[in-house]
Amino acid sequence: MRFPDWRPEVPLQRVHLDWLDRAGVELALLRLDETDSLVSGNKWFKLAPYLQQAADLGLSGVMTLGGAHSNHLHAVAAAGARFGFETVGLLRGEAQENPTVADLRELGMQLHWLGYGGYRRRNEPDFWAPWRERYPQLLAVGEGGGGLPGAQGCSPLIAQIHGQLGVLGWNDYHQLWVACGTGTTLAGLVLGERGAHPVVGALAVPPGHGVETQVPELLRAGGTSDTGYRLLDASRGGFARIDATLARFILATEAACGVPLEPLYTGKLLLALHDEIAAGRIACGARIVAIHSGGLQGRRALDEKLKTLAASARVTAVHPWPAVAHQEQTLLLPPAPFVELHAHQHLRETIFRQFCQPGGEALRAPAFIFGGRG
């Protein structure tokens, strides 16, 4: 195969939301979801160094791992179809059908279902041996494009951010936020920052699922110290776990700013940012860049769940701004005269919102504060 020397550039977009404006915090999203219609998100940046390796070794493609809704597998299959290299996917669980799996087949990826026990063996030393024997012409790439090459592929994103600050009227920023599944993208951003800005990793998986050990290993392998970042639990109790608070937040944020979100990574990142601001842990005047890591193809299977959960919204008493500090009890939604949440084909909730200033004096613009565990 020939290495596809494709270096996409993505926009850095200011996002205006009511809870940001009230706190005096500015936010810009690096829109990796706009990398490409199919080869979307951070996946290409992690994959490209492995494709360079495969080309240098004279191989014809890659084989890699993921779940039935995997954004990584989807991006690999799409890249293979576009640039003409062979792809094989080893999938978690038993054979099933969903929009992602249908796309993988249509894009020409050869699929093998490993079951759950077989997939759990993926980190054992001899896991790849039979697959290398079966596909000697393919390079084995770990789950999610992890590893030092994948991290190094994400480091140039820092230059893309810096190259667009002037368009926003910014001369700098104070924090860089990214959602973490394996920690590969986080490590790459820390390597790219070289200590210039702190990086916040919003965990999409619960603490103890490997990010805490993976990131230091990648940084050491990249020749730098285990500093310059912190981890924040944004998982809401589990990977891919979605609750009513998250569903309402995503739908309301999309309605307010027009940026599409998904509930596994970027949606949880923004909700964690909201909670940090509400708790007073981010100062007024802060400028934050966050990575929109894509993954929108996986939302197709979750749309109805999001709408159903959002339909369970319960309006609670009006609270002043400090009351939003408890992330599961109250949630300040983005502004609008009203927000329409389409919960089912035959159900539409129009929710008017009203808020108070910290002194209790009602403001003219109406806004409700939502609460409850859903």
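Pairs needed: first member in region 115-126, under 9 Å from residue 92 (Cβ atoms) and open to solvent by 100 Å² or more (accessible area, probe 1.4 Å); second member anywhere, at pLDDT 95 or above and among the small types (Gly, Ala, Ser); C-beta distance under 7 Å; at least 6 residues apart or different chains.
Matching pairs, first to second residue: 116/93.
Counting only residues that are open to solvent by less than 60 Å² (accessible area, probe 1.4 Å), in contact with a strand residue (DSSP E or B) (Cβ under 7 Å, 6 or more places away or on another chain) and either in a helix (DSSP H, G or I) or without any contact (Cβ under 8 Å) to a residue 40 or more places away in the chain (or both), how many does region 219-234 have? Quick ask: steps written out before the conclusion?
Within region 219-234, the first condition is being open to solvent by less than 60 Å² (accessible area, probe 1.4 Å), and the residues that meet it are 219, 222, 224, 228-229, 231-232, 234.
Those still in the list that are in contact with a strand residue (DSSP E or B) (Cβ under 7 Å, 6 or more places away or on another chain) too: 228-229, 231-232, 234.
Filter once more, keeping what is either in a helix (DSSP H, G or I) or without any contact (Cβ under 8 Å) to a residue 40 or more places away in the chain (or both): 228.
Selection size over region 219-234: 1.
Taking region 15-61, which residues are assigned to a loop (DSSP other than H, G, I, E, B) and either of a type in the set (A, V, I, L, M, F, W, C) or crowded, with 18+ Cβ neighbours inside 10 Å (or both)?
Once the filter is applied, which keeps residues that are assigned to a loop (DSSP other than H, G, I, E, B) and either of a type in the set (A, V, I, L, M, F, W, C) or crowded, with 18+ Cβ neighbours inside 10 Å (or both), region 15-61 yields 17, 25, 35, 36, 38, 39, 40, 41, 42, 57, 59.
Just give me the residues in region 63-105 being free of Cβ contacts under 8 Å to residues at least 60 places away in the same chain, among the small types (Gly, Ala, Ser) and over 24 Å from residue 184 (Cα atoms), in sequence order.
81, 95, 102
Do you know which residues across region 235-250 are open to solvent by 10 Å² or more (accessible area, probe 1.4 Å) and aliphatic (A, V, I, L, M)?
240, 242
Scan region 1-14 for residues that are out of contact with any Lys or Arg (no Cβ under 6 Å at 6 or more places or on another chain) and either open to solvent by 60 Å² or more (accessible area, probe 1.4 Å) or over 15 Å from residue 75 (Cα atoms) (or both) and jot them down.
Listed by number, the residues that qualify are 1, 2, 3, 5, 6, 7, 9, 12, 14.
The rows are residues; the columns are (1) open to solvent by 60 Å² or more (accessible area, probe 1.4 Å); (2) without any contact (Cβ under 8 Å) to a residue 40 or more places away in the chain; (3) farther than 17 Å from residue 32 by Cβ; (4) touching a His at 6+ places or on another chain (Cβ under 6 Å).
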residue	(1), (2), (3), (4)
162	yes, yes, no, no
188	no, no, no, no
205	no, yes, yes, no
211	no, yes, yes, no
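Which condition breaks for residue 173 when tested against (1) open to solvent by less than 20 Å² (accessible area, probe 1.4 Å); (2) under 26 Å from residue 241 (Cβ atoms); (3) in a loop (DSSP other than H, G, I, E, B)?
(2)
Looking only at region 141-160, filter to residues that are open to solvent by less than 40 Å² (accessible area, probe 1.4 Å) and part of a loop (DSSP other than H, G, I, E, B); which one of those is farthest from residue 196 (Cα to Cα)?
Among them, the one singled out is 142.
Filter region 82-101 down to residues that are open to solvent by less than 50 Å² (accessible area, probe 1.4 Å) and either of a type in the set (A, V, I, L, M) or not in a loop (DSSP other than H, G, I, E, B) (or both), then give me how many there are.
8
Mind telling me which of the residues 61, 89, 67, 93 ends up being closer than 20 Å to residue 295 by Cβ and touching a Phe, Trp or Tyr at 6+ places or on another chain (Cβ under 6 Å)? If you could, list the steps in order and put the result at the bottom.
Details: 61 fails: closer than 20 Å to residue 295 by Cβ; 89 fails: touching a Phe, Trp or Tyr at 6+ places or on another chain (Cβ under 6 Å); 67 fails: touching a Phe, Trp or Tyr at 6+ places or on another chain (Cβ under 6 Å).
The conditions single out 93.
Kindly indicate the residue of region 62-78 that is among the small types (Gly, Ala, Ser) and assigned to a helix (DSSP H, G or I) and also nearest to residue 148 (Cα to Cα) among those meeting that condition.
75
Within region 185-207, track down each residue that is more than 23 Å from residue 48 (Cβ to Cβ) and part of a strand (DSSP E or B).
Answer for region 185-207, where residues must be more than 23 Å from residue 48 (Cβ to Cβ) and part of a strand (DSSP E or B): 200, 202, 203.
The values are calculated or read from the model by the stated rules, or taken from the named source; none is laboratory data. For clarity, every value in this text was computed on a predicted model and none was experimentally measured. Counting neighbours? That spans all protein chains shown, and the Cβs are built from the backbone with ideal geometry, glycine included. Remember, those area values only see protein heavy atoms, side chains included, never the ligands or the DNA or RNA. Shrake-Rupley method; radii C 1.70, N 1.55, O 1.52, S 1.80 Å.
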